[in-house]
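Report on the following structure.
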Amino acid sequence: MDSIRVTLTDGKSVEIRRGSQINELASALGVNGDVIAAKVNRQLVDLSRALEEDCSIEWVSRESADGLDVLRHSTAHLMAQAVQSLFPGTQVTIGPTIEDGFYYDFKREQPFTPEEIEKIEARMEELAKANLKVTREEMPKSRAIELFRKLGENYKVAIIEEIPEETVSLYRQGEWVDLCRGPHVPSTGVLKAFKITTVAGAYWRGDEKNEMLQRLYGTSWPDKAKLKEHLRLLEEAQKRDHRKLGRELDLFSFHPVAPASPFFHPKGAIVYNQLISYVRSLYVRYAYEEVITPQILDVELWHRSGHYDHYRDSMYFTEVDERQFGVKPMNCPGHTLIYSSRKRSYRDLPLRMADFGRLHRYERSGVTAGLTRVRSFSQDDAHIFCAPDQIESEISSLIKMLREVYRTFQFGDMQVKLSTRPKDFIGDVEIWEKAEAALGQALSKERIDYQVNPGDGAFYGPKIDFVVLDALRRGWQLATMQLDFFLPERFELVYTSAGGTDERPVMIHRALLGSIERFMGILIEHCAGAFPLWIAPVQVRILTVTDDHKDYAKRIFEELRNAGWRVELDGRNEKLGYKIREAQLAKIPYALIIGEKEVQAQTVAPRRRGGENFPPLGVAEFIQKLRSEVAQEKGAA
RNA sequence: GCUGGCGUAGCUCAACGGCAGAGCAGCUGAUUUGUAAUCAGCAGGUUGUAGGUUCAAGUCCUAUCGCCAGCUCCA
């Protein structure tokens, strides 16, 4: 008998008939029903795949990352099948998986209405219940093209024509067929928990010159409970939406007269300024020097910096005295002018120049959003002018600084990407390679796992991007460290070396928080508007029980205010429960209850946001408590 | 910029093409209250803006501004 040997993940191996299907092996071994695919020699395949050679096999359950991917991809197919059965004439294009879900792009003249989406979901349920077998079939490209041409699927034909291999694979479920690499679940009954989430337009192949398709987004999970949890998280994210909280907490607003440009109200301005003064405090320790530079500069400068050629569409211009000026979208050109305001020596380097200057960038109307994408903002921006051999230590120190920042704001893990030399680049290959090596070494030295994106750097230098995960496990790119060989060249920056020769410095563009506006938006969502004590616009609110306690409460209020705390007095003629509720909803860290007992004992009774009550204590002790809490939050350096 | 959706009181939301409404917030008064909402009254609007259709438009049509979900872009 012709048999082959299959090695399992536990190291055991079994002998089976050559050509038998994986699922036969699975049922023979009594493998868990959660298995929806397998990895044969580490390659993900269908359970219906026949085994022809000795191999290793690993079961892929629907709970695993690979399994979820298969599940979602199959759900995308299920959706496409539903759409085509309901709306004949609709063409399919592509339907990949994405984080937490999938989408499928369709060519159809009319957009999908909410009612139609409900119908599609209902049909998907039916098709899943029918438990249609999903089968794989391979055929030569020419036959596949013929098949899809007959079906009127012009996009699929275009896709197949671009596939280099001679054979392609098709998947069928019921009457429906789609071109797909696979693998897929064995039958549609495996799909139990899915939902179409949104509908949107999308261009064929992502190019806005191409025709627009209708994209349906969906999500799919191993079971209903997981789907529900996912939807709950989405809802939670909506509750934390900084645009909603910004209004509710009276932090900022927008007005049509200045699209995508926030107005920070008094409370929002406090948060904003707290962020800046926090970064300033780091600048003292990390030896930065802050500068202030003009808002509007002659276009001649922007020509020289290259911004006019490459970035003009994102800039604002104005004319005064028949001279053209550009509103600055970045601080760097201004900083090079300060650099070259006098002769620099190697002793001056590294020169770390920080600037909280206001920047203006025109962003197309469709891309702006709340605080996270605005047209007017400032950054915790700095430019480090250094010698090439100082790059590594500068990056190293930047990473330390970054770690400090993330600890303070309690962001979780970070993902790091190193982007290297693109095809179009300026400067010497040798300098590039040295610089990339320096960046990599600094990352390794700081024990940071990173991913290399080859060719993804800007033409003027390699860069490192840092993505942090917030409380809802959403990723945000905040910090970036960008090397620049180009601007020093353009502005002919030099320093005198120890040997007396003129040398060219390297510039490092870097930001930790990124734009303050954007960071504030992210922070609001990260902490759901409940800012840590040191940032909270109002840190303490004093609540009187009755009017009789107002005089004493006023004294406490003044004592706290004179000690520098942001404090409010709620002496309104309302019930205590009402005032507590309002203080809680305003997310104020501490409510101080002042009633008869406190007046008698000359104490205050603190209630922490969230409901925890502390035993009454004197004002001085309370201030001490606040101080130590802030010190702890900011983290001792 | 493109595709789609949405703009009604400060906020959240009602109103078959037929008299623009409610709750909360605000203001006034009563109540003097101990850990998440005391009661009553008053006020609040050119329904984003500009045109059009209609006897009649918040509702239908066109344009425009803004917002939202995506696409795209982020030297």
Return a yes/no flag: does the range A:325-333 have any residue that is closer than 29 Å to A:V374 by Cα and touching an Asp or Glu at 6+ places or on another chain (Cβ under 7 Å). yes
Suppose the filter is open to solvent by less than 80 Å² (accessible area, probe 1.4 Å) and part of a strand (DSSP E or B); does A:V405 pass it? no
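Any idea which residue in the range A:231-246 is nearest to RNA strand B (Cβ to nearest atom), counting only those that are among the charged types (D, E, K, R) and open to solvent by 60 Å² or more (accessible area, probe 1.4 Å)? Spell out how you get there, then give the answer.
If we filter the range A:231-246 for residues that are among the charged types (D, E, K, R), which is where we start, we get A:232, A:235-236, A:239-241, A:243-244.
Those left that are additionally open to solvent by 60 Å² or more (accessible area, probe 1.4 Å): A:232, A:235, A:239, A:243-244.
Numbers: A:R232: 17, A:E235: 13, A:K239: 12, A:R243: 5, A:K244: 7 Å.
The residue in question is A:R243.
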Using the structure shown, decide if A:D456 is within 22 Å of A:P388 (Cβ to Cβ) and assigned to a loop (DSSP other than H, G, I, E, B). yes
Residue that is among the hydrophobic types (A, V, I, L, M, F, W, C), without any contact (Cβ under 8 Å) to a residue 24 or more places away in the chain and either open to solvent by less than 20 Å² (accessible area, probe 1.4 Å) or within 11 Å of A:L543 (Cβ to Cβ) (or both), where the choices are A:A591, A:A605: A:A605
Determine, yes or no, whether A:K228 is open to solvent by 80 Å² or more (accessible area, probe 1.4 Å) and in contact (Cβ under 8 Å) with a residue 60 or more places away in the chain. no
So, in the range A:203-225, of the ones that are in a loop (DSSP other than H, G, I, E, B) and away from RNA strand B (no atom under 16 Å from the Cβ), which residue ends up least open to solvent (accessible area, probe 1.4 Å)? A:P222
Identity of the residue in the range A:102-115, farther than 25 Å from A:P183 by Cα and not polar (S, T, N, Q), that ends up most open to solvent (accessible area, probe 1.4 Å): A:E109
Could you check A:A479 against (1) under 21 Å from the mean Cα position of the chain (by Cα); (2) surrounded by fewer than 22 Cβ atoms within 10 Å (Cβ to Cβ); (3) among the aliphatic types (A, V, I, L, M) and say which number it fails? (2)
Evaluate the range A:445-465: report whether one residue or more is open to solvent by 10 Å² or more (accessible area, probe 1.4 Å) and without any contact (Cβ under 8 Å) to a residue 24 or more places away in the chain. yes
Would the range A:421-442 turn up any residue that is small (G, A, S), in contact with a Cys (Cβ under 8 Å, 6 or more places away or on another chain) and either modelled with pLDDT of 95 or more or open to solvent by 20 Å² or more (accessible area, probe 1.4 Å) (or both)? no
Note: among A:A76, A:A37, A:A80, just one is assigned by TED's automatic domain parsing to the domain that holds A:A128, crowded, with 21+ Cβ neighbours inside 10 Å, in contact with an Asp or Glu (Cβ under 7 Å, 6 or more places away or on another chain) and under 26 Å from A:I160 (Cβ atoms), namely A:A80
Working only within the range A:276-310, note down all residues that are within 16 Å of RNA strand B (Cβ to nearest atom) and open to solvent by less than 60 Å² (accessible area, probe 1.4 Å). A:T293, A:L297, A:V299, A:L301, A:W302, A:S305, A:G306, A:H307, A:Y308
In this structure, is A:V545 under 25 Å from A:V271 (Cβ atoms), within 14 Å of RNA strand B (Cβ to nearest atom), touching a Gly at 6+ places or on another chain (Cβ under 9 Å) and open to solvent by 10 Å² or more (accessible area, probe 1.4 Å)? no
May I ask you to say which residue of A:E146, A:E138, A:E118 is within 16 Å of RNA strand B (Cβ to nearest atom), open to solvent by 70 Å² or more (accessible area, probe 1.4 Å) and either farther than 23 Å from A:W221 by Cβ or not aliphatic (A, V, I, L, M) (or both)? A:E118
Any chance A:A511 is within 28 Å of A:F409 (Cα to Cα), small (G, A, S), in the same structural domain as A:G268 (by TED's automatic domain parsing) and open to solvent by 10 Å² or more (accessible area, probe 1.4 Å): no
What is the residue count in the range A:248-257 for residues that are within 18 Å of A:R518 (Cβ to Cβ) and open to solvent by 30 Å² or more (accessible area, probe 1.4 Å)? 2
Go through the range A:356-402 and give me each residue that's within 16 Å of RNA strand B (Cβ to nearest atom), farther than 20 Å from A:V257 by Cβ, in contact with a helix residue (DSSP H, G or I) (Cβ under 7 Å, 6 or more places away or on another chain) and open to solvent by less than 10 Å² (accessible area, probe 1.4 Å). A:H383, A:I384, A:F385
I want to confirm something. Restricting to the range A:83-92 and keeping residues that are open to solvent by less than 40 Å² (accessible area, probe 1.4 Å) and of a type in the set (S, T, N, Q), which single residue is nearest to A:I117 (Cα to Cα)? A:Q84
Restricting attention to the range A:7-25, the residues that are assigned to a helix (DSSP H, G or I) and open to solvent by less than 70 Å² (accessible area, probe 1.4 Å) number exactly 3
Please go through the range A:227-261 and give me each residue that is under 16 Å from A:A369 (Cβ atoms), of a type outside the set (K, R) and part of a helix (DSSP H, G or I), ordered by number. A:A237, A:Q238, A:H242, A:L245, A:G246
Selection from the range A:548-584 of residues near RNA strand B (Cβ under 7 Å from one of its atoms) and of a type in the set (A, V, I, L, M) yields A:L576, A:I580
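Which count do you get for residues in the range A:247-275 that are within 10 Å of RNA strand B (Cβ to nearest atom) and not polar (S, T, N, Q)? Talk me through it step by step, then tell me what you get.
The first filter runs over the range A:247-275 and keeps only residues within 10 Å of RNA strand B (Cβ to nearest atom), leaving A:247-248, A:250, A:253-262.
Still in the running and not polar (S, T, N, Q): A:247-248, A:250, A:254-260, A:262.
Looking only at that region, the number is 11.
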Residues of the range A:102-112 being in contact (Cβ under 8 Å) with a residue 12 or more places away in the chain, within 11 Å of RNA strand B (Cβ to nearest atom) and not aromatic (F, W, Y), in sequence order, are A:D105, A:R108, A:P111
Considering only the range A:121-135, state which residues are open to solvent by less than 50 Å² (accessible area, probe 1.4 Å) and modelled with pLDDT of 90 or more. A:M124, A:L127, A:A128, A:L132, A:V134
Can you tell me which of (1) open to solvent by 30 Å² or more (accessible area, probe 1.4 Å); (2) closer than 23 Å to A:V157 by Cβ is the one A:E99 doesn't meet? (2)
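The values are calculated or read from the model by the stated rules, or taken from the named source; none is laboratory data. Predicted, not measured: the structure shown is a model, and the values here were computed from it. In this analysis, Cβ positions are derived from the backbone assuming ideal geometry, glycine residues included, and neighbour counts consider all displayed protein chains. Heads up: the accessible areas ignore ligands, DNA and RNA and are worked out on the full protein's heavy atoms, side chains in. Shrake-Rupley method; radii C 1.70, N 1.55, O 1.52, S 1.80 Å.
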